[in-house]
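Written out below as structure tokens is the structure these notes cover.
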């Protein structure tokens, strides 16, 4: 997709969500399911009580009033664990101490800033895994941040035929997925495995990524700052019961990280500091804009997300009545971390698009064309 077309389509969608959707909602209402009045999660995912509130919001409110949610916060313990792991890694690598997964999004920019500021002796190399569907804004942000910090970096572009095969397989598993998006997890797996392979080659003990607490909880269950062996297993095998060797050729298998290919001391660990730090979204954006690492308006997740994210959301709504991203963002709304009205509008627009075919733009259709898939293949029409 050409950059101008991508930006025009995304900004149009953003404009409708911010200003026009409240006016259009009455016309769209016959195609919309009820949603929680607090967090906007649809009733298709979580039943609502007589007041239109989901059980998770009721529980959160009870914990908030009793102070249990604050008392149970593991921030300090997790922050100490992250601090120890990063300090121990300093100077331990052969050339670099950590491979930093870097997408150009706000979280990875903030993570890079914190690491350079708080751990100046940690020798970093940034890795951007470009699957061919990355937002041009994210790529611009990544280039600007890399230049600002003068950090060593690599850009890895996997074979397009392998990427197309991978995502076609993942989209085919959506009707059988349970929990978090299998397509998004496979994109993450390709990224993590590329980083672990690079770290093992370079003799770096750590891979550092920008997954946040809500993402980790939704994807893996529970909260932790380091991936376990089970967390790191390929979701096609771990969650879908598929055998990778039967799906991919020997040449294609080299894209996946296999621990048994490396001696135990060379196997890198995957650390997720943002789980411990857990900064509010507005704090991240404000700090990055102050530092000149992200221009105003460039942090909009619609602008920086992969181009196939809308395709995932549409397909999941078509199959289940909700999409797995709503689960993540409704939790952030519940915790008061993001703007509820805007995200409710976006959720409803995606639902309306999945059920009517409207707002399905040229960019979405182009993603399907590049994957050699049809609207019917993802459950639309």
So which of 318, 313, 307 is assigned to a loop (DSSP other than H, G, I, E, B), in contact (Cβ under 8 Å) with a residue 12 or more places away in the chain and crowded, with 20+ Cβ neighbours inside 10 Å?
-> 307
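Just to be sure before I move on: is residue 110 touching a helix residue (DSSP H, G or I) at 6+ places or on another chain (Cβ under 6 Å), more than 24 Å from residue 215 (Cβ to Cβ) and either touching a residue at least 12 places away in the same chain (Cβ under 8 Å) or crowded, with 23+ Cβ neighbours inside 10 Å (or both) in the structure I sent? Can you show your working first?
Details: touching a helix residue (DSSP H, G or I) at 6+ places or on another chain (Cβ under 6 Å): yes; more than 24 Å from residue 215 (Cβ to Cβ): no; either touching a residue at least 12 places away in the same chain (Cβ under 8 Å) or crowded, with 23+ Cβ neighbours inside 10 Å (or both): yes.
When the stated conditions are applied, residue 110 does not pass them.
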Considering only the stretch 367-381, state which residues are in a helix (DSSP H, G or I) and buried (at least 18 other Cβ atoms within 10 Å of the Cβ).
-> 367, 368, 378
Within the stretch 351-366, how many residues are closer than 16 Å to residue 132 by Cα and either free of Cβ contacts under 8 Å to residues at least 60 places away in the same chain or buried (at least 19 other Cβ atoms within 10 Å of the Cβ) (or both)?
-> 3
Name the helices (runs of 4 or more DSSP H) wholly inside the stretch 41-122 in which the number of residues that are modelled with pLDDT of 95 or more, in the same structural domain as residue 152 (by TED's automatic domain parsing) and over 22 Å from residue 327 (Cβ atoms) is 1 or more.
-> 75-89, 106-118
For the stretch 14-52, which residues satisfy the criterion of being surrounded by fewer than 14 Cβ atoms within 10 Å (Cβ to Cβ) and at positive phi?
-> 52
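Residue-wise test of (1) within 19 Å of the chain's Cα centre (by Cα); (2) loosely packed, with under 13 Cβ neighbours inside 10 Å; (3) more than 22 Å from residue 202 (Cβ to Cβ); (4) modelled with pLDDT of 95 or more.
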position	(1), (2), (3), (4)
224	yes, no, yes, yes
236	yes, no, yes, yes
239	yes, no, yes, no
242	no, no, yes, yes
245	no, yes, yes, yes
252	no, no, yes, yes
264	no, yes, no, no
268	no, no, no, yes
273	yes, no, no, yes
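The values are calculated or read from the model by the stated rules, or taken from the named source; none is laboratory data. Treat the numbers as computed from the prediction; the structure is a model and nothing was measured. Don't worry about glycine lacking a Cβ; one is built from the backbone with ideal geometry, like all the others, and counts go over all protein chains shown.
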